[in-house]
Structure formats: C-alpha cells, structure tokens
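Here's the structure we're looking at; comments come further down.
Read the figures in this text as sums done on the coordinates, not as results from a lab. Being a predicted model, the structure only gives us computed values, none of them experimental. Neighbour counts are summed over all protein chains in view; Cβ atoms, including those assigned to glycine, are modelled from backbone coordinates with ideal geometry.
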Ligand SMILES: [Zn+2]
C-alpha cells in the first residue's frame, strides 16, 4: 500500500466524515431551535397566551373546520404555509383542542402536506401525524422527495406563531421524516384516495421531555 492510498479504516472514516458533520450540524440547529422555543413559550406563559389563543384572537368561539388565521398563513420568503383548525368532536383525540396542517409549495396554488400537529387545550403539542393525499387534496410527493426540505415559517403572520411552529418542527425533524417514511409504507398498495385511511402514521410527542433531551433546563 503506498502513502497516497488511505487504509481501509481511513477510507471508511473519510466516507463517514461528511455524514457525521451533517448529524452534528443538525443537532446544533435543533439545540438552537429548542432554546428559542423554550424562551418563546416562557414568554407566552407569562402573557397567558398560546398558539391557539394568538390565532383565534378576538374570534368569538372556535368554529369547527374554519381555518385560523384567515386566509391561511403563508411565509412570503419560503412560500410554506400553515393553518390551525378542529374537525368535528367525533374526529378529535381525547384532550385535543385542534391541530395545525403545514404545507410546502408545489407550484401555482398547489401544496404538499408536510405534517399535522395536534395541540391539547393548553396549546402544548400532543401528536404529529401524516395524512392520506385526499384529506387535504395535496400535490403528492413521496417521503424520498420530501427528504432534505426544511419548514420555513417564521415570516408567516402571525409571525410569533410561525416562528414557534418552525422551531418546533426543527426540534422534531427526525420524527417527521420517520412518519413520512411510515406513511409511504402504509399506503403502498392501498392508494392515495382510499377514504378508509385518513391518518397513515402518527406518534405522540412530549415537548418538555424533548427540550430536556436537547439540553434545555
Ligand atoms: Zn385537519
């Protein structure tokens, strides 16, 4: 073996280096997002507001199926959008107040569903979920096509909710990617317009535990 050829172990390390760097960078981004999220939620707790109360504002009552805000919140920089709503009581989880649907742009007036996020009555995240294509009539993209996308919502008004959602989805980026992959596996052979299947994948989340795991006390 001459000096210009790396040893097999060295070659393996060289192959892993960019991957390791990526993982380290992502972890640092998630720690930053976790700190931002915790700071914002502390501020909200002191002001006695939450994402739903900021969105519902002075609205009298919470109208089932209506979107909050109106029109849907679109980030003018990235084109990503979100809205919050509640389905009929029979379709809600126990403790669910309502949920977000987050989308990325897919061309003129077309959207791809990124993830759903259910909140409890205190405004804390309860679960993440994917939806079948027909649920939001989305422009479908496979989990492979979605890999590498990052929600960018901080300029979507109301911007403090947009920024909160962006930080939250950064903290849960790995879980979202996993749910998107599980969605595709579950839908294989079932069809994107099978009305018997609304939620192909979902997972419960505990934000306080996640923030602690990311070093936020
Ligand atoms: Zn919904």
Within the range 124-151, restricting to residues that are over 14 Å from the mean Cα position of the chain (by Cα), farther than 9 Å from residue 113 by Cβ and in a helix (DSSP H, G or I), the one that is farthest from the ligand (Cβ to nearest atom) is 144
Please go through (1) under 20 Å from residue 130 (Cα atoms); (2) within 15 Å of the ligand (Cβ to nearest atom); (3) touching a residue at least 40 places away in the same chain (Cβ under 8 Å); (4) out of contact with any helix residue (DSSP H, G or I) (no Cβ under 7 Å at 6 or more places or on another chain) for residue 52 and return the number of the only condition it doesn't satisfy.
(1)
Across the range 70-83, the tally of residues that are in contact (Cβ under 8 Å) with a residue 40 or more places away in the chain and within 16 Å of the ligand (Cβ to nearest atom) stands at 3
In the range 84-109, how many residues are closer than 21 Å to residue 50 by Cβ, within 13 Å of the ligand (Cβ to nearest atom) and surrounded by fewer than 20 Cβ atoms within 10 Å (Cβ to Cβ)?
5
Which condition does residue 118 not pass, out of (1) in contact (Cβ under 8 Å) with a residue 60 or more places away in the chain; (2) within 16 Å of the ligand (Cβ to nearest atom), if it passes all the others?
(1)
Name every residue in the range 152-172 that is assigned to a helix (DSSP H, G or I) and either more than 10 Å from the chain's Cα centre (by Cα) or surrounded by fewer than 16 Cβ atoms within 10 Å (Cβ to Cβ) (or both), in order of residue number.
159, 160, 161, 162, 163, 164
